[in-house]
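Since the structure comes first, as structure tokens, the remarks are kept for the end.
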Amino acid sequence: MNLAKFIGSLLGTAIGDSLGAQGEGIFHLQGTKEIGPRYTDDTAMMIGLAESLIECKGFSGEHMANRFMENFEREPWRGYAWGPPRIFRMIRRGRKWNEMLDREIYPGGSYGNGAAMRIAPVGLFCHDDPKMLREVAYQSSQITHSHEWAIEGAALEACAVAMAVNLKAENFNKYEFLKELMNFTRVGIYQKKLEAMKSLLDEGAPRGKVIRELGNGVEAMNSVPAAIYSFLCNSDFESSVIYAVSLGGDADTIGAMTGAIAGACYGVDEITKRWMNRLENREYIKKLAEKLWEAKKGVKGK
Ligand code: F2R
Ligand code: MG
Ligand code: MG
């Protein structure tokens, strides 16, 4: 278990988010190279998820839902989307975390990328146990997102983070990585997009084609594949997140999810120093990664 990878993944999330936050919603963002002064809801929710896993030494739906709600109430200005704040208000009024409250907002539940954008701590905490990883990814997602595309997107992103933790960066083979993700996913729309990545990688496809085939939107199935691809088609942390954000669209979230995977692969020492120095709340996020690592060691030692 490598502490630098845990720290890299949580700080990587925050850096990718802060880099993309400057241009969320813009179609193409080529040229963005400096992080903004603030991270957004992506990192705020990743922090809540990590805090809960640490405090409970594992998953507790009620605790996690309350932590999401409290963190939102303290900082409602982080740029949350439409659904989650409504769910937090329902929870404040006494509704339960596992009532699939998003179905009262979106028929069939939300397939937004809000569950996947915060999932890095699950990939880290469950990096050695794929069954538990899928279970915790699904359950933690269902607090706000119960649509199959949202929970599977979160599990796939968590799986990519876990695989990145487990691999030695010098042995990274993008096609092997992709194959393992294809074996993991159970949902057709992700299987199709992972399949498409093979040819996109082979031909070094231009950004326009990548966006057309994988998407760059706020929906989980239109952003998780873009983040995985951004990691696969680059070979260091900085170029991975710059590429992710250059796809535009939901740039903070594609940046955050790419940063989580790339940070887990390359470790904190390979993260661009000028970004680290500017990152909001850097010391707290680093501390959280250390505590998550300690909590994992404790659980493993039992
Ligand atoms: N939302 C933003 N940014 C724009 C808002 C900025 C903000 N108001 C400000 O500047 O202050 N960013 C963040 O939201 C995304 C994550 O969203 P999440 O948590 O998944 O939310 P939600 O509401 O569940 O879903 C988001 C959108 O997805 C579409 N959608 C989801 N389920 C649907 C369904 N069943 N049918 C139709 N559409 C569905 C909707 O368009 C939702 O609005 C991240 O980008 C994060 O950065
Ligand atoms: Mg955001
Ligand atoms: Mg976003």
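Some values worked out for this structure:
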{"item": "Computed FRET value (nearest 0.05) for Lys209 with Arg86, which takes r as the C-beta separation and R₀ as 41 Å", "result": "0.65"}
{"item": "The stretch 122-142 versus the stretch 194-230: alpha-carbon centroid distance in Å", "result": "24 Å"}
{"item": "Percentage relative contact order, the stretch 50-119, counting C-alpha pairs under 8 Å, at least six apart", "result": "24 percent"}
{"item": "Sum of -39500 (n - 2.57) over DSSP H runs of 4+, divided by residues of the chain (222 nm, nearest 500)", "result": "-20000 deg cm²/dmol"}
{"item": "Under Karplus coefficients 6.51, -1.76 and 1.60, residue-wise ³J(HN,Hα) of the stretch 285-298 in Hz, glycine/proline x", "result": "5, 4, 4, 4, 4, 5, 5, 5, 5, 4, 4, 5, 4, x"}
{"item": "Apportionment of accessible area to carbon and sulfur, the chain, percent (1.4 Å)", "result": "49 percent"}
{"item": "Computed accessible area, Trp149, all protein chains, 1.4 angstrom probe, square angstrom", "result": "80 Å²"}
{"item": "Distant-in-sequence amide H partners of Gly112 (H built 1.01 Å from N, under 5 Å)", "result": "Ala220"}
{"item": "Separation of the Glu75 and Met276 label points, Cα + 7 Å toward Cβ, nm", "result": "2.1 nm"}
{"item": "Derived scalar couplings ³J(HN,Hα) [the stretch 103-117; Karplus, 6.51 cos²θ - 1.76 cosθ + 1.60; whole Hz; x for Gly, Pro]", "result": "6, 7, 10, 10, x, x, x, 7, 10, x, 8, x, 7, 6, 5"}
{"item": "Relative contact order (percent, whole number), the chain, Cα cutoff 8 Å, 6+ residue spacing", "result": "34 percent"}
{"item": "Calculated from backbone phi, Karplus (6.51, -1.76, 1.60) coupling profile of the stretch 140-151 in Hz, x at Gly/Pro", "result": "5, 5, 5, 4, 10, 9, 10, 5, 3, 5, 6, 6"}
{"item": "Solvent-accessible area per residue for the stretch 1-142 (1.4 angstrom probe, square angstrom)", "result": "40 Å²"}
{"item": "Distance-filtered residues of the stretch 94-127 - backbone nitrogen under 15 Å, label point 7 angstrom along Glu62 Cα→Cβ", "result": "94-99"}
{"item": "In nm, spacing of pseudo-spin labels at Lys287 and Lys131 (7 Å Cα→C-beta vector)", "result": "3.7 nm"}
{"item": "Per residue, in Å², the accessible surface of the stretch 166-251 once ligands and nucleic acids are set aside, probe 1.4 Å", "result": "42 Å²"}
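The values are calculated or read from the model by the stated rules, or taken from the named source; none is laboratory data. Since this is a predicted model, take the numbers as computed values, not measurements. Note that each Cβ is placed from the backbone with ideal geometry, even for glycine, and that neighbours are counted across all protein chains shown. Accessible surface is based on the protein model in full, side chains and every heavy atom, while ligands, DNA and RNA are left aside. Shrake-Rupley method; radii C 1.70, N 1.55, O 1.52, S 1.80 Å.
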